[in-house]
Every structure is written in C-alpha cells, then in structure tokens.
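This report refers to the structure that appears directly beneath it.
The values are calculated or read from the model by the stated rules, or taken from the named source; none is laboratory data. As the structure is a computational prediction, the values presented were derived from the model and not from experiment. Counting neighbours? That spans all protein chains shown, and the Cβs are built from the backbone with ideal geometry, glycine included. Side chains are part of the model used for accessible areas, which takes the heavy atoms of the whole protein and leaves out ligands, DNA and RNA. Shrake-Rupley method; radii C 1.70, N 1.55, O 1.52, S 1.80 Å.
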Amino acid sequence: MTACTVIGLGEAGATYAAALTAAGHTVTGFDPVAPTTPAGVIRATTAAEACTGADIVLVMTGAAAARAVAQECLPVLDAGSVYADFTSSSPGVMQELGQLPSKACFADVAILGPVSALGEKTPLMVSGPGAQAVADLLVPLGVQVEIADGEPGAAMAHKLLRSVLMKGLASVVVEAVTAGRAAGLEDWIRGQIAGQLAGDGQAVIDRFLTGTAKHAVRRSKEMQDTASYLSDLGVPAEMTTASATALARMAQATEPALR
C-alpha cells in the first residue's frame, strides 16, 4: 500500500483521505483549521511533518495557500515521491511550483466537477512528471483520470477553459430561470433551456460561432432591451448586460468588414 498525505481536510480533502484509507492506504493529514479528521487518518501538527516519508502528497487547500504549502512540503519529500497540487491555481502558478527545487515529481491536478456531488469519483485531468503516479493511485478508486500532454499547468489550463463554459452557462441558466419565475413563465423557460442543451452539440457550437458575430448589431440591442425588462421584473441582469456589451464589441469589430 501507499503512504499518502492529504494537505487540507475540508470537503474535498476529507473525501479523498477517507477513500484512500478505505482502500487500505496509510493516510496522514494536515489542516490548521478543519475541526474533524476522517476515521483512520493520522493527523499531523504541521504540513512538513505530514509529508515526511510520504510516497504521494495530495494538496487540497485553497489556491491562495498553494505557494506556501509547496515551499514547506517539497523540500522534505524523498526522491521518487509525488507532489500533486489539486488547488485551483492558475497555469502560470502551477508552472512556477513545478520548477521549485525538489526531489519529488510534481503533478498539476484539475478537478473537473463538483466533489460535493461526485465524491472521490469526480473526473480529474493531470499533467506534469507525476501525472501517471496520480492516475495509478486514484483509478483503482473508480476515478476517471485523463493525463494531459505537457508540463505542470496544462491540466489547469484545460480546467479554466472549461470554466468559461460551465460557470458562465450556470450563471446564465440561473439568471434565465430567475427571470422566468418572476414573469410567471418558469416552466416555459426551463423547457427552452433543456431544448438548447439537448441534440447535436457540435451543430449548436457552429451556429453560435457564425451567427453571433453576423447578427451582433441586432442582438446587442435585443439584449439591452432584455436587461431593461429584467430590471422591470426586479431580477439582477449581470449576464444579460455582459452579453449586450460583448455583442456591441463584436458589432464594432465586424462593421469595417461590412462596409
């Protein structure tokens, strides 16, 4: 079995620590504030202590702590060990951390879904020299792990591109359903959203790419009117207003080509 360390025992960290313990691995954890420790996990008093002798370290802190944790933990790791950063740090930060002096192999790990819903089986993308070791540890737990080509930062670059879609789409859906509810048309707008999300996804992408710029002038005015309507309904319209602004920019960019 593998000697694992989990730094950060919040929701995600506790989930992975518990799953690794259940799989028979020895798990040491560290968290300066988490009030509880998963059953079977040995709790250390410092991050460096938790990493001493570890085969693989899984860092599940917030991105703001990534540098400090790496600077404390990487120097104590042995040759052949793996340091896997699961934080939502930028690709540039992942590249920087991957270049810090250490005997360990660095891995940049992007979590591609909500751990609150999918637990330790949430799909992952991994890059960097330690990527295969992360996959070898977690695939037996039922995790879908995709290894991205490239150095540390490649996995997080994929995740952030995905976030443009997923977080933006989620915000648009929330705004649309909230407006539909305020207008007494929630069931209808839900049906419209479901219809757009179904079917031939590639055809929808192509239609958006060609039609948005082509009709940007008209659509910008329509979204300005939509934002005004949402204001009348008493509904926040941040996404609608942003769409109007983006369409206006596209309209200006395409005007010279139309002359």
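Points to keep in mind about this one:
- Cβ-defined net charge surrounding residue 199, 15 Å radius [Lys, Arg +1; Asp, Glu -1]: -1
- Seen from residue 53, the other residues with C-beta closer than 15 Å to its C-beta sum to a net charge of -2, counting Lys and Arg as +1 and Asp and Glu as -1.
- Sorting 206, 85 by accessible area puts them as 206, 85; the probe is 1.4 Å, largest comes first, and only protein heavy atoms count.
- Rolling a 1.4 angstrom probe over the protein heavy atoms with all chains in place gives the chain an accessible area of 53 Å² per residue.
- Mean separation of Cα contacts under 8 Å, 6 or more apart, over the residue count of the chain: relative contact order %: 12
- Sorting the segments 154-161, 18-25, 113-120 by their mean number of nearby beta carbons within 10 angstrom, highest to lowest, gives 154-161, 18-25, 113-120.
- Listed residues 238, 146, 96, 175 arranged by accessible area, highest first, probe 1.4 Å: 238, 146, 96, 175
- The translational diffusion coefficient of the chain, from Stokes-Einstein at 20 °C and 1.002 mPa s with a Kirkwood hydrodynamic radius over alpha carbon pairs, comes to 102 µm²/s.
- The relative contact order of the stretch 3-151, computed from alpha carbon pairs under 8 Å that lie at least 6 residues apart in sequence, is 19 percent.
- Nearest-10 value in Å² for the accessible area of residue 105, using the 1.4 Å probe: 50
- Percent carbon-and-sulfur accessible area, the chain, ignoring ligands, DNA and RNA, probe 1.4 Å: 59
- Other residues whose C-beta falls under 12 angstrom from the C-beta of residue 82 contribute a net charge of -4, scoring Lys and Arg +1 and Asp and Glu -1.
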